[in-house]
Amino acid sequence: MSEPHPRRAAVTGIGVVAPNGTSTEAFWKSTQEGISVLDRVTREGCEHLPLRVAGEVRAFEPAAAVEERYLVQTDRFTHFALAAADLALDDARLSQADTDDSPFSVGVVTAAGSGGGEFGQRELQQLWGKGSRFVGPYQSIAWFYAASTGQISIRRGFKGPCSVVAADEAGGLDALAHAARAVRRGTDVLVAGSTEAPLAPYSVVCQLGYQELSLADDPTRAYRPFTSSACGFVPAEGGAMLVVEEETAARERGARVRAVLAGHTATFTGASRWEESRAGLAEAIRGALDEAGCAPEEIDVVFADALGVPEADRAEALAIADGLGTHAKRVPVTAPKTGIGRGYCAAPVLDAAAAVLSMEHGLIPPTPNVFDICHDLDLVTGRARAAEVRTALVLSRGLMGSNSALVLRHGADHAS
Amino acid sequence: MSDRITVEELAELMKKAAGVTVAPAELQERYDSGFDAIGVDSLGLLGIVGELENRYGTPMPPDTERCKTPRQFLDLVNSALLAGA
């Protein structure tokens, strides 16, 4: 028996805590203006490390965003997640009272690549400096990848399906896809996304082993994918949470359907095997289009992974060509993350947020600091480009070999 | 440091170890309330026990972190401190 109206996953709320803004409005203003906020690393204890440039979230006041117990019990990446979830739920006009009425119909899914490094470092210093009796019990949960999912659900009283995607940077897109699947399986609302805080000394030292990390010290030159001077990626903190809910129910309660999560596919091609990521990413693109019932020509913009490593950039440009065929020569491609850095799992979620905003504003944001493209791509540079954007493709790859593609459709196209 | 743990010290430990702020006078009034209702979860109570053990240099009874209320908790730790003194 086929359902007359299959359940579809709609985006009804967006909450952003990013290097270029701690609200969705501030994020979009800076993103569409092509402002780069990449800057010297100033975080305490990081000044002497070889990583010179990052995207720090400087405007965020944890004590203003979360209650004292979360300041003591959770890491900075969870503070970001709790704040972004609040913003997303407010944006979706889902109050605490609304969700208290049906707690089992609301779940949470997050992705995290680095966990709670700052909290973990503090407790490990206690361990080696004073002894095991001086390690606080919250260490057991605060640095864990799953912490943000658990703390969001505890703080808001959500009792629906909760999960964590551990799938590399591309896991950010996989978390959104997982939310869409949960909605299709019967859960009404998912709070989904990713936030990261990888700029504590311990976390930075862990990243120094990545050959793809940019150690350049000029913020305007440190992250320039798709150019002949590409020298790696700049890391960032922050992220975004989205409210994903069943489209019909969302419309019935009067929510604004901002976009539909239409298709997704994930593949794996091995750590730092960038040449091979071409086939994996192309397969992800084809799978996502297929699930969305979307022809290549319908894609109005591609938000690129844009790693900033020549071999990886070449593989991505070729994957777009493989996945979209002749349309690849015409479709505008952008990578606004060159202005804020690459926040691991959070990066593709911020791109998904920017894709929704791009569809709403009819404006494709540019790729800051990038000029003189050396690939066969129509990369949007300099200033935002006005365009009717009804369908967006977001791409992500992880350093450990995951590739994902997500197709989003503009919400207004799907009014019932 | 007194040889008895007071409500004031428990309130200070709750703030430090679990991030839960309750004024000593209020904690006195909620002497028989559950720690869960006050906002201190099991990990928070475990942290408070660890902090006390480090401060006083003596182990607390094995079930200290299972106490349900401030009264139970203070009775148990103070009897242990008295016995150890």
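Being touching a Ser or Thr at 6+ places or on another chain (Cβ under 6 Å), over 20 Å from A:ARG133 (Cα atoms), loosely packed, with under 13 Cβ neighbours inside 10 Å and not hydroxyl-bearing (Ser, Thr, Tyr) narrows it down to one of B:ASP3, B:ASP32, so name that one.
B:ASP32
Each row is one residue, and each column tells you yes or no for (1) of a type in the set (S, T, N, Q); (2) out of contact with any Asp or Glu (no Cβ under 6 Å at 6 or more places or on another chain); (3) under 16 Å from A:ARG133 (Cα atoms).
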residue: B:GLU12; (1), (2), (3): no, yes, no
residue: B:GLY47; (1), (2), (3): no, yes, yes
residue: B:SER79; (1), (2), (3): yes, yes, no
residue: B:GLY84; (1), (2), (3): no, yes, no
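Could you tell me which of the residues A:GLY160, A:GLY113, A:GLY136, A:GLY120 is in a helix (DSSP H, G or I) and small (Gly, Ala, Ser)?
A:GLY120 is the lone residue from the list that is in a helix (DSSP H, G or I) and small (Gly, Ala, Ser).
Pairs under 7 Å by beta carbon, first residue surrounded by fewer than 19 Cβ atoms within 10 Å (Cβ to Cβ) in the range A:87-109, partner in a helix (DSSP H, G or I), six or more apart or different chains?
Listed pairs, sorted by first residue: A:GLN96/A:ARG156.
I'd like to check which helices (runs of 4 or more DSSP H) are fully inside the range B:1-69 and have at least 2 residues that are within 14 Å of another protein chain (Cβ to nearest Cβ) and under 25 Å from A:ILE141 (Cβ atoms).
By residue number, B:7-18, B:35-38, B:42-56.
Checking the conditions here, which among A:LEU281, A:LEU307, A:LEU318 is part of a loop (DSSP other than H, G, I, E, B) and touching a helix residue (DSSP H, G or I) at 6+ places or on another chain (Cβ under 8 Å)?
Just a single option satisfies the conditions, and that option is A:LEU307.
Examine the range A:177-186 for a residue that is surrounded by fewer than 20 Cβ atoms within 10 Å (Cβ to Cβ), part of a loop (DSSP other than H, G, I, E, B) and touching a residue at least 60 places away in the same chain (Cβ under 8 Å), and state whether such a residue exists.
yes
Since A:VAL108 meets every condition but one in (1) assigned to a helix (DSSP H, G or I); (2) touching a helix residue (DSSP H, G or I) at 6+ places or on another chain (Cβ under 9 Å); (3) of a type in the set (A, V, I, L, M); (4) under 16 Å from A:GLY157 (Cβ atoms), which condition does it not meet?
Only one criterion in (1) assigned to a helix (DSSP H, G or I); (2) touching a helix residue (DSSP H, G or I) at 6+ places or on another chain (Cβ under 9 Å); (3) of a type in the set (A, V, I, L, M); (4) under 16 Å from A:GLY157 (Cβ atoms) is unmet by A:VAL108, namely (1).
From the residues in the range A:37-64 that are aliphatic (A, V, I, L, M) and without any contact (Cβ under 8 Å) to a residue 40 or more places away in the chain, which one is surrounded by the fewest Cβ atoms within 10 Å (Cβ to Cβ)?
Filtering the range A:37-64 for residues that are aliphatic (A, V, I, L, M) and without any contact (Cβ under 8 Å) to a residue 40 or more places away in the chain, the one surrounded by the fewest Cβ atoms within 10 Å (Cβ to Cβ) comes out as A:ALA64.
Tally the residues that are surrounded by fewer than 18 Cβ atoms within 10 Å (Cβ to Cβ), closer than 23 Å to A:GLY325 by Cβ and touching a strand residue (DSSP E or B) at 6+ places or on another chain (Cβ under 8 Å), restricting the search to the range A:352-379.
2
Condition test on A:ALA18, is it in contact (Cβ under 8 Å) with a residue 24 or more places away in the chain, under 22 Å from A:TRP143 (Cα atoms) and either crowded, with 20+ Cβ neighbours inside 10 Å or within 14 Å of chain B (Cβ to nearest Cβ) (or both)?
yes
None of the figures in this text is laboratory data; all of them are computed from the coordinates on show. Because the structure is predicted, anything quoted here is derived from the model rather than measured. Positions of Cβ are backbone-derived with ideal geometry, glycine not excepted, and every protein chain shown enters the neighbour counts.
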